[in-house]
Ligand code: DGT
Ligand code: CA
Ligand code: CA
Ligand code: ZN
């Protein structure tokens, strides 16, 4: 894979040389070398060790030396020097779609623009239009391009990346010559944020796939394109890496590019101990080239004496040892879920009516759904007075008479107040089927007091679940500090569940915290916190967290039947009665 990294460096060197007005032949040599490296399919390091790099077309003595240098040190000094010889913002400027080295040079010479910020400023003040050949349209496009580069630098959360990935996969599956297509990388592992999106295609005719991909409507800019690999930026600023492989390598490539890198290191160590070699082309005997597996991913693991390991577990967190000991968990699946808790309606800040939420839950095949609108303190969310809550409860009861398969549970998302008391009195809570207790204020109290608040809430016999236990909102608000160990133990001891809030900006508890809480004996509940019918689908993200937390159905409250759920709630009320 080193060839792609080196190709990217050569291509950036060509850009920088062009920016500086260097010799056109030298520039062309770097570009050609980059292209040839992109499409080179052998093992660069083996070739380098044998002193045969010059067999690659376009690679002369000078470039061969640079490749050797990169393989040995992970850097190319000439590139570092070149970067140091231009203003520091230039490389970033060149990432802007539609902005090549020639334009960058003009911008720098005529307007002294060498950074993204300066470019934005100049475009907004229409100074670009003073340059020859610059039209208003081009100025607008550059502004859009700046936004794409900015967005691309942040990791994208799964809520945006997953639907996008599905859209791109659907496109690829329709493209000519595509036999199979799959997501790989962190997205397939359901990590909460995605650096770039990795897609894999099996095809015997890669050229057509490449063409379709790099000319597709979603493609805002082609970063690199070879015969079997391309990187693009989408309109949303997400980088997408596509690789096309032969069908007989598809499983091995899927295993390799799904990662994580750390998981793959452990897999290769295990293979080496068994006298085998694993790479993106297959499993081979260490001596000899006979392929033992490669077409199917499960066969790759099987050739190593392992059961298939679900992608969500591939983080080098004990899964390889567990697989060897035949003790992998039977991870929770969508079909295990019997219902959703923590749904909002127009009674507080939701956008769909009670009945619409009920029907949507029923359409998903759920047996129950807990309506949990906000309590009075949360005024911004139109929290309900106790009187309005009672009115809502009567409507739920009436609705339940008409619903066949689904049981609507009378619930509330009740604020845990600053002193740890609940936002409704006990006699109101006692009438509810289900209570989510959440902190929505006083985030700055500090770890000790915030933990005390949660512990006090869990000691309330009517609190079923602690909602979004750490309060984080990715991209907006850090998690507040709580003593997770103490919270998880109290959850176990009081019979309170901890929420895995499936809202993609929350995913709270996160994977590591959920796994720890589960290991300490706490019950978990996957809740969508839906504010509209569409959001019920976000359960997928919560399920991803639960799977990354090694959860089996028994660890999650909403896999229980309605009767078992009601018994669980009643048991806490008896046990913690005051
Ligand atoms: P991301 O993109 O930061 O969210 O995380 P990943 O895991 O998707 O990482 P990425 O896109 O750099 O690479 C995708 C997979 O390809 C990675 O999980 C494992 C494999 N891979 C990439 N580079 C290497 C490498 O240098 N060595 C090994 N063993 N595997 C690699
Ligand atoms: Ca990736
Ligand atoms: Ca990647
Ligand atoms: Zn809520």
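Just one residue in the set 164, 187, 172, 197 is outside the structural domain of residue 315 (by TED's automatic domain parsing) and away from ligand 2 (no atom under 16 Å from the Cβ); that residue is 172. Here residue 521 meets the list (1) buried (at least 20 other Cβ atoms within 10 Å of the Cβ); (2) assigned to a loop (DSSP other than H, G, I, E, B) almost entirely, failing just condition (1). The sole residue among 335, 237, 282 that is without any contact (Cβ under 8 Å) to a residue 40 or more places away in the chain, under 28 Å from residue 196 (Cβ atoms) and either more than 27 Å from the chain's Cα centre (by Cα) or more than 16 Å from ligand 4 (Cβ to nearest atom) (or both) is 282.
When the residues of segment 338-364 are filtered to those that are more than 16 Å from ligand 4 (Cβ to nearest atom) and either more than 27 Å from the chain's Cα centre (by Cα) or without any contact (Cβ under 8 Å) to a residue 12 or more places away in the chain (or both), the one that is nearest to residue 406 (Cα to Cα) is 362. The set of residues from segment 213-233 being at pLDDT 90 or above and within 15 Å of ligand 2 (Cβ to nearest atom) comprises 229, 230, 231, 232, 233. Here residue 176 fulfils each of the conditions (1) surrounded by fewer than 22 Cβ atoms within 10 Å (Cβ to Cβ); (2) within 15 Å of ligand 1 (Cβ to nearest atom); (3) over 24 Å from residue 539 (Cα atoms) apart from (2). Consider segment 368-379 and keep the residues that are in contact (Cβ under 8 Å) with a residue 24 or more places away in the chain and away from ligand 4 (no atom under 12 Å from the Cβ). The one that is farthest from residue 356 (Cα to Cα) is 377. The set of residues from segment 150-168 being away from ligand 1 (no atom under 14 Å from the Cβ) and either surrounded by 17 or more Cβ atoms within 10 Å (Cβ to Cβ) or part of a strand (DSSP E or B) (or both) comprises 159, 168. Residues in segment 538-578 that are at pLDDT below 95 and either under 32 Å from the mean Cα position of the chain (by Cα) or part of a loop (DSSP other than H, G, I, E, B) (or both): 576, 577, 578. Counting only strands (runs of 3 or more DSSP E) that fall entirely inside segment 184-246 and contain at least 1 residues that are within 12 Å of ligand 3 (Cβ to nearest atom) and within 26 Å of residue 101 (Cβ to Cβ), the qualifying elements are 219-225, 229-234, 239-245. Being modelled with pLDDT of 95 or more and within 15 Å of ligand 1 (Cβ to nearest atom) holds for only one residue in 203, 260, and it is 260.
Per-residue answers, yes or no, for (1) part of a loop (DSSP other than H, G, I, E, B); (2) touching a strand residue (DSSP E or B) at 6+ places or on another chain (Cβ under 9 Å); (3) surrounded by fewer than 17 Cβ atoms within 10 Å (Cβ to Cβ):
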residue: 83; (1), (2), (3): no, no, yes
residue: 99; (1), (2), (3): yes, no, no
residue: 114; (1), (2), (3): yes, no, no
residue: 148; (1), (2), (3): no, yes, no
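A Cβ distance below 8 Å, combined with a sequence gap of six or more or placement on separate chains, defines the contacts here; from segment 262-273, residues that are closer than 11 Å to residue 320 by Cα reach residues that are part of a helix (DSSP H, G or I) and within 16 Å of ligand 2 (Cβ to nearest atom) in the pairs 264/255; 264/256; 267/255. Among the numbered conditions (1) in contact (Cβ under 8 Å) with a residue 24 or more places away in the chain; (2) away from ligand 3 (no atom under 13 Å from the Cβ); (3) crowded, with 17+ Cβ neighbours inside 10 Å, the only one that residue 181 does not meet is (1). Do we find that residue 107 is crowded, with 20+ Cβ neighbours inside 10 Å and closer than 26 Å to residue 219 by Cβ in this structure? Yes, satisfied. Against the list (1) outside any loop (DSSP other than H, G, I, E, B); (2) within 30 Å of residue 564 (Cβ to Cβ), the condition residue 452 fails is (2).
Put simply, of 509, 455, 484 the only residue that is touching a strand residue (DSSP E or B) at 6+ places or on another chain (Cβ under 6 Å) and either farther than 17 Å from residue 436 by Cβ or crowded, with 17+ Cβ neighbours inside 10 Å (or both) is 509.
Residues that are within 16 Å of residue 557 (Cα to Cα), crowded, with 18+ Cβ neighbours inside 10 Å and either touching a strand residue (DSSP E or B) at 6+ places or on another chain (Cβ under 8 Å) or free of Cβ contacts under 8 Å to residues at least 24 places away in the same chain (or both) within segment 493-506 comprise 495, 496, 497, 498, 499, 500, 501, 502, listed in sequence order. Here residue 243 fulfils each of the conditions (1) touching a residue at least 40 places away in the same chain (Cβ under 8 Å); (2) away from ligand 2 (no atom under 16 Å from the Cβ) apart from (2). Only one entry in 272, 253 is exposed (fewer than 13 other Cβ atoms within 10 Å of the Cβ) and within 15 Å of ligand 1 (Cβ to nearest atom), namely 272.
The set of residues in segment 179-191 that are under 15 Å from the mean Cα position of the chain (by Cα) and more than 10 Å from ligand 1 (Cβ to nearest atom) contains only 190.
The values are calculated or read from the model by the stated rules, or taken from the named source; none is laboratory data. The shown structure was predicted, so the numbers you read here are calculated from the model rather than taken from an experiment. Backbone-built Cβ (ideal geometry, glycine too); neighbour counts: all protein chains shown.
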